[in-house]
Amino acid sequence: MRDDETARRRTVREPLALRGFRSYWLASTSGFTALAVSTVAVDVLVIDILAASEAQVGLVRAVQFLPYLLLGLLAGAYVDRWRRRPVLVVGHLVQAMMLTAIPVLFVIGGLTIGATAGILFAIGCSGVFIAAAERSYLPDLVPRRALVLANARVGQSLTVAETSGPALGGALVGIVGAPMTLLISAAGRVVSAVIIGKVRRPEPAPRPDHPRLWRAIADGLRFTYRHRTLAPLAISTNIWFLANSISLTVLALFVLRGLGLAAVVYGLMLTAVGVGGLMGALCATRAAVRLGEGDVIIVARIVCALTWVMMALTPVHAESWGVVTYLIVVLGIYGFSMGAEEPSEMAFRQSATERSMLGRVNATMRSANRTAALLGAASGGVLVGVVGFRPTFAVVAVIFMVAVLVALLSPLRGARSR
């Protein structure tokens, strides 16, 4: 058995040796870093500068996911009709322009919570098309047998960005302020567009015999939610996103307002998520070979649920350094679970889906996930305002465990990608 695993590893070529994938990876890393920086800046902008209420914080987060509900399925159908590289280039440039609008409005005194929410909504609309094209484009750049490792490399760059980005974002917010930090994030989007635009690997032409638009969307929904293993994966992931959105909305309020900690400390906590994610991503390929992608997903989601039980038990009355240390450790474990799972989830999805359907399947799952996230973000702020932080974290842990049970009691258990 060990000899078979060793032989399987040796047959997989390092994806970063492929020029096209290397450019894709660099562009993704730039985009991930820009996103990590902007996440801290937006939270500080909304909570500290614009002094949003708990409900408004939840609504601002929710509006960022609304485009996936409104446009997600359409984006997937269109991406299956278009070449994917131009979609990525245009999408990153549009996001850069929209991010630039926030510091401009701030300078002229026109930045409000409503304006901020509107801009973030527009950025999300562009993000829908980027998301549909991004992971649908990756299988064109690497052999199928290298999908887990390629997704792991992308996951590693994501977690490095999540490690450095929040700390960098927190530092930049302290130096130049949240609005100006978003201008730097916009520059990162431009860099992503330039790099991905230089990929020279020929992209297969879209199939000319594609079905009508609404039929194509329906085909994507049927394929995803009737598939023997993709269906339980999709449903479990939908529930996971609901819980995760509640948790992250409440986490920002808990750290910045409940504990009264500085933006730099909040950035360090998000950095802990990135460090844990990097460790998880480094283990992801070996874990997938040994356990299979299905079991990696299930085990990682169990660990994720347990971390939010630990969050509910945060010793808030301890010394501040003790509370910060406790949260950094817990969030590091949380990040590890996501870093270990994500390459297996993406590789399994890509392997189980034919190329002509991949854009729609990715968009279907992402749209449903972001719709769940929208509901989670909107309810998270309200829930914490009604019952408080500790009970809300307990609710989050229960929802995460429901996601675990859906996957555990399905054919996803023991499943491997082809």
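Laboratory data are not the source of any read-out in this text; all were calculated from the coordinates shown. Keep in mind that this is a model prediction, so the values were computed, not measured. Note: ideal-geometry Cβ built from the backbone for every residue, glycine included; neighbour counts use all protein chains shown.
Rounded, prolate or oblate: which fits segment 314-397 when a ≥ b ≥ c are the square roots of the eigenvalues of the alpha-carbon gyration tensor, with rounded for a/c under 1.5 and prolate only if a/b beats b/c? Taking the square roots of the gyration eigenvalues as a ≥ b ≥ c, segment 314-397 is oblate. Summing charges over neighbours of Gly72, with a neighbour being any other residue whose Cβ is under 9 Å away from its Cβ, gives +2 when K and R count +1 and D and E count -1. The distance separating the Cα centre of segment 338-387 from that of segment 389-409 comes to 16 Å. When segment 14-408 is described by a simple charge dipole with +1 on each Lys and Arg Cβ and -1 on each Asp and Glu Cβ, the residue from Leu99, Met269, Tyr24 located farthest towards its positive end is Tyr24. Per residue, the average separation of C-alpha pairs within less than 8 Å and at least 6 apart gives the chain a relative contact order of 29 percent. Sorted ascending by nearby beta carbons within 10 Å, beginning with the fewest, Met98, Met311, Met180 become Met180, Met98, Met311.
Between the residues Val87, Thr163, Met279, the greatest Cα displacement towards the positive end of the dipole of segment 14-408, with unit charges on the Cβ of Lys, Arg, Asp and Glu, is found for Val87. Relative to the Cα centre, the charge distribution of segment 14-408, modelled as +1 at Lys and Arg Cβ and -1 at Asp and Glu Cβ, gives a dipole magnitude of about 1360 debye.
The distance separating the Cα centre of segment 121-195 from that of segment 66-115 comes to 14 Å.
If Lys and Arg each add +1 and Asp and Glu each add -1, what is the summed charge of the other residues whose beta carbon sits under 9 Å from the beta carbon of Ala407?
Residues near Ala407 contribute +2 overall.
Shape verdict for segment 266-319, please, from the Cα gyration tensor: rounded (a/c under 1.5), prolate (a/b greater than b/c) or oblate. Cα axes put segment 266-319 in the oblate bin. In sequence order, segment 366-380 has phi-based couplings of 5, 5, 5, 4, 6, 5, 4, 5, 4, 4, x, 5, 5, 7, x Hz under the Karplus curve 6.51 cos²θ - 1.76 cosθ + 1.60, θ = phi - 60°, and Gly or Pro positions carry x. For segment 290-418, a simple Cβ point-charge model (Lys and Arg +1, Asp and Glu -1, everything else neutral) yields a dipole of about 420 debye relative to the Cα centre.
Considering only Ile195, Trp240, Val42, whose Cα is most displaced toward the positive end of the charge dipole of the chain, charges sitting on Cβ of Lys, Arg (+1) and Asp, Glu (-1)? Going by the Cα projections, it comes out as Ile195. Quick check: from the Cα gyration tensor, does segment 297-343 come out rounded (a/c under 1.5), prolate or oblate? Oblate shape, in that a/c is at least 1.5 and b/c is the bigger or equal ratio. In order along segment 190-203, phi translates into HN-Hα couplings of 5, 4, 4, 4, 5, 5, 5, x, 8, 5, 10, 5, x, 9 Hz, rounded to whole numbers, per the Karplus curve 6.51 cos²θ - 1.76 cosθ + 1.60 with θ = phi - 60° and x for Gly and Pro. Three semi-axes describe the equivalent ellipsoid of the chain; taken as square roots of 5 times the Cα gyration tensor eigenvalues and ordered largest first, they are 32, 26, 21 Å. Relative to one another, the C-alpha centroids of segment 22-43 and segment 287-308 are positioned 25 Å apart. Computed from backbone phi with θ = phi - 60° and the Karplus coefficients 6.51, -1.76 and 1.60, the 3J(HN,Hα) list for segment 329-346 is 5, 4, 5, x, 5, 4, x, 4, 4, 6, x, 6, 7, 4, x, 5, 4, 5 Hz; x is used for glycine and proline.
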